[in-house]
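Below you'll find the structure, written out as structure tokens, and then a few comments.
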Amino acid sequence: MLENRFDAAHSNAEWKAFLAGESFGQFVVSTDAFPFVVPTHYVYDPGRLEGSHGVVEFHLHRGNPVFEALVQDDRAAFAVLAADAYIPTDWNRDEGADPAWSAPTSYFAAVQALGRATVIDDEPGKAAVLNRQFVRLQPEGGHNAVEPGSNPFGKMLKGIRAVRLTVDDVRVKIKVGGNRTRAVQERVAAHLAERAEGGDLAARAHLLRRSGLGG
């Protein structure tokens, strides 16, 4: 992923808030052949494990072949992509430029968290990860706590393994027209609000916040 100053995070707090605010990404592990890329829900805690950038946790079926790959190499990445929006030529044109000859672009926010992965296979540890996922993904409740034992959730624990990625480094790209003039930024923000499809409003929110345009 190409990184430049226009698209870089303004602070660690910015990318940490993005990672904590999203909930779905891809776990990536290299092997001697092809890399494994596993889509999954996750939870991110920026405050755990002093000396790191926090931890990403999730669970997978215990038969997932990614676990064999982790035996070879525990270095891994967790990639999260959101707020993606296509910006047409007319929106992205310079003032006075012919839109038919102007370049379109893409807006998006992406964080790739890099670190070492630890497999959690003891039942109390797996239950703790699942309970943290419940708090993040189903805060309204409506479920029992996950506890080891003969209860239904306890029996299900045998079929999964949890993973904790300790985040040592990150790659960040929040591409929302940081290199464009204020006139272009205002035009794009207005069009995104009008179209309001897919990731348009999320991309607009990043644009407004990072450019200082306001609401």
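Residue by residue through region 87-108, note down the ones that are within 13 Å of Leu192 (Cβ to Cβ), out of contact with any His (no Cβ under 8 Å at 6 or more places or on another chain) and hydroxyl-bearing (Ser, Thr, Tyr).
Thr105, Ser106
If I go through region 129-155 residue by residue, how many of them are in a helix (DSSP H, G or I) and open to solvent by 80 Å² or more (accessible area, probe 1.4 Å)? Spell out how you get there, then give the answer.
Going through region 129-155, the residues in a helix (DSSP H, G or I) turn out to be 129-137, 152-155.
The next check asks that each one be open to solvent by 80 Å² or more (accessible area, probe 1.4 Å); those that pass are 132, 135-136, 152, 155.
So the answer is 5.
Going by the conditions given, is Ser211 within 19 Å of Ala82 (Cβ to Cβ), surrounded by fewer than 19 Cβ atoms within 10 Å (Cβ to Cβ) and polar (S, T, N, Q)? Write out each step before concluding.
Numbers: within 19 Å of Ala82 (Cβ to Cβ): yes; surrounded by fewer than 19 Cβ atoms within 10 Å (Cβ to Cβ): yes; polar (S, T, N, Q): yes.
Here the answer is yes, as Ser211 does meet what is asked.
For region 114-128, which residues satisfy the criterion of being in contact with a helix residue (DSSP H, G or I) (Cβ under 9 Å, 6 or more places away or on another chain), open to solvent by less than 20 Å² (accessible area, probe 1.4 Å) and either of a type in the set (Val, Ile, Thr) or part of a helix (DSSP H, G or I) (or both)?
Ile120, Lys126, Ala127
Condition first: touching a residue at least 40 places away in the same chain (Cβ under 8 Å), buried (at least 16 other Cβ atoms within 10 Å of the Cβ) and over 17 Å from Ala109 (Cβ atoms). Now tell me which residues in region 1-44 satisfy that.
Phe27, Val28, Val29, Val43
Of everything in region 46-94, what is out of contact with any strand residue (DSSP E or B) (no Cβ under 8 Å at 6 or more places or on another chain), open to solvent by less than 60 Å² (accessible area, probe 1.4 Å) and small (Gly, Ala, Ser)? Give them in sequence order. Explain how you work it out, then say what you get.
Filtering region 46-94 down to residues out of contact with any strand residue (DSSP E or B) (no Cβ under 8 Å at 6 or more places or on another chain) leaves 46-47, 50-51, 63, 68, 71-72, 88-91, 93-94.
Cutting the leftovers down to open to solvent by less than 60 Å² (accessible area, probe 1.4 Å) gives us 46, 63, 88-89, 91, 93.
Correct list: Gly63 only.
Among what's in region 95-113 and is surrounded by fewer than 18 Cβ atoms within 10 Å (Cβ to Cβ) and of a type in the set (Gly, Ala, Ser), pick the residue that is modelled with the lowest pLDDT.
Filtering first and then ranking leaves Gly96.
Could you tell me whether Leu192 is closer than 13 Å to Ala83 by Cβ and open to solvent by less than 90 Å² (accessible area, probe 1.4 Å)? If you could, list the steps in order and put the result at the bottom.
Details: closer than 13 Å to Ala83 by Cβ: yes; open to solvent by less than 90 Å² (accessible area, probe 1.4 Å): yes.
Taking the combined requirement at face value, the residue satisfies it.
If you check every pair at least six apart or on different chains, which have Cβ atoms under 6 Å apart with a residue in region 92-108 that is closer than 17 Å to Gly178 by Cα first and a residue that is charged (D, E, K, R) and open to solvent by less than 60 Å² (accessible area, probe 1.4 Å) second?
If the second residue must be charged (D, E, K, R) and open to solvent by less than 60 Å² (accessible area, probe 1.4 Å), the pairs left are Tyr107/Lys175; Phe108/Lys175.
The values are calculated or read from the model by the stated rules, or taken from the named source; none is laboratory data. Quantities reported herein were computed from a predicted structural model and do not represent experimental measurements. For neighbour counting, all protein chains shown are included, and Cβ atoms are generated from backbone atoms with ideal geometry for every residue, glycine included. Calculation scope for accessible area: heavy atoms of the full protein, side chains included, ligands and nucleic acids excluded. Shrake-Rupley method; radii C 1.70, N 1.55, O 1.52, S 1.80 Å.
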